[in-house]
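The values are calculated or read from the model by the stated rules, or taken from the named source; none is laboratory data. Everything numeric here is computed off the predicted structure, so don't read it as measured data. Don't worry about glycine lacking a Cβ; one is built from the backbone with ideal geometry, like all the others, and counts go over all protein chains shown. Surface accessibility is based on the protein's heavy atoms, side chains included, excluding ligands, DNA and RNA. Shrake-Rupley method; radii C 1.70, N 1.55, O 1.52, S 1.80 Å.
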Amino acid sequence: AQSVTQPDIHITVSEGASLELRCNYSYGATPYLFWYVQSPGQGLQLLLKYFSGDTLVQGIKGFEAEFKRSQSSFNLRKPSVHWSDAAEYFCAVGSSGGYNKLIFGAGTRLAVHP
Amino acid sequence: GAVVSQHPSWVICKSGTSVKIECRSLDFQATTMFWYRQFPKQSLMLMATSNEGSKATYEQGVEKDKFLINHASLTLSTLTVTSAHPEDSSFYICSARGRGIYNEQFFGPGTRLTVL
C-alpha cells in the first residue's frame, strides 16, 4: 500500500540555521511527490513537486528537495530558515498520477527560535 | 495563485443535526474537488473526490450516506455531515483542481466542526 512517513513530528531550529525535513514514501511505481506548508488560518500551499527529471527540485520561499529513489526519500531543505517559516509541513505522494489522489504524511511542525 | 474559500470557517452544532460546508474556487473553474479530514496533529485523510456533474467517489471506510458531497457547479462543492455526532468533530479541508495552469490541488483554509 502507498504510504508516506515523516519521522519527525516536531523540529525546532534557530533563525538563520539550515533545515532538513525528512520524508520517506512507499509507492510501487514512479512517484509523484509533493511538499506542502500549512500555516494557521490558511490553506495548504504547494512548496514544490517532483514528477520526473532532475532529482533536485527548487521550490518557492527558498526551499528545495531531493528525490532519492534508492532511499525512497524526498527530503525538504532550506539553507537559512526565517522566523516566518514556522508552520506545519506535509510531504505527499500522488497516486493515480499527478494531482489526483494525494496521500499525506503526518506532518512536521517547525518552530523557529529567534 | 488560485484561491479556494470555505464557509464557514468554524461551526458548532448539536448532536443529531446536519451541517453543510461550502467550498468555492474563486478565480478558476474546478473540474475536480477533493474533501479531506484532518484530526488534531495528524495527517489529512482523503474522504472523497468529486467531479462536476458526477457523483462523488468515496474512499474506503467513508460513509457516503453520512458525508454527502455535491459538486453542482464548476466553482462550488458542498459537504453535508448528516446527523452529526461528537466523533464527527474534526477539521474538514477541501481542495479544487482545474485545467491548464490550475492543474494542481489548491486548498481551502479548512472548516473546524465541533459537535456537542
Open item on the list: Net charge within 15 Å of B:Cys23 by Cβ-Cβ distance, Lys/Arg positive one each and Asp/Glu negative one each, not counting B:Cys23 itself?
Closed with: +2
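Taking both sides together, what accessible area is buried at the B/A interface, probe 1.4 Å, expressed in Å² and rounded to the nearest 100?
When B and A are taken together, about 1300 Å² of accessible area is lost.
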Task: Computed magnitude of the charge dipole of chain B (debye, nearest 20; Cβ of K, R +1, Cβ of D, E -1) - done: 100
Open item on the list: List the residues of segment B:28-45 for which accessible area in the full set of protein chains is at least 50 Å² lower than for the chain on its own; 1.4 Å probe, protein heavy atoms only.
Closed with: B:Ser43, B:Leu44
- [ ] Quick one, can you get me the convex hull of the C-alpha atoms of the protein assembly as shown expressed as volume per residue in Å³?
- [x] 123
Task: Unsatisfied cross-links (Cα-Cα over 19 Å) in the set A:Lys49/A:Lys78; B:Lys20/B:Lys55; B:Lys14/B:Lys55; A:Lys61/B:Lys41 - done: B:Lys14/B:Lys55; A:Lys61/B:Lys41
TODO: Evaluate the relative contact order of chain B (contact order divided by residue number), counting alpha-carbon pairs under 8 angstrom at least 6 apart; express in whole percent.
DONE: 37
TODO: Lys and Arg at +1, Asp and Glu at -1: add these up for the other residues within a Cβ distance under 10 Å of A:Gly107 and post the number.
DONE: 0
- [ ] First select every other residue whose beta carbon is under 13 angstrom from the beta carbon of B:Ser89; then total the charges, Lys and Arg +1, Asp and Glu -1.
- [x] +1
Task: Of all accessible heavy-atom area on the protein assembly as shown, the percent that carbon and sulfur account for (1.4 Å) - done: 50
- [ ] Could you give the size of the charge dipole of chain A about its Cα centre, using +1 on the Cβ of each K and R and -1 on the Cβ of each D and E, expressed in debye and rounded to the nearest 20?
- [x] 240
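Give the average, rounded to an integer, of partner chain Cβ atoms located within 10 angstrom of each Cβ in B:96-109.
If you average over the peptide's residues, the count of other-chain Cβ atoms is 3.
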TODO: Using only alpha carbon positions, build the gyration tensor of chain B, then give the equivalent ellipsoid semi-axes as the square roots of 5 times its eigenvalues, largest first, whole angstrom.
DONE: 23, 14, 13
Task: Three principal axis lengths of chain A [C-alpha, angstrom, descending] - done: 42, 28, 22
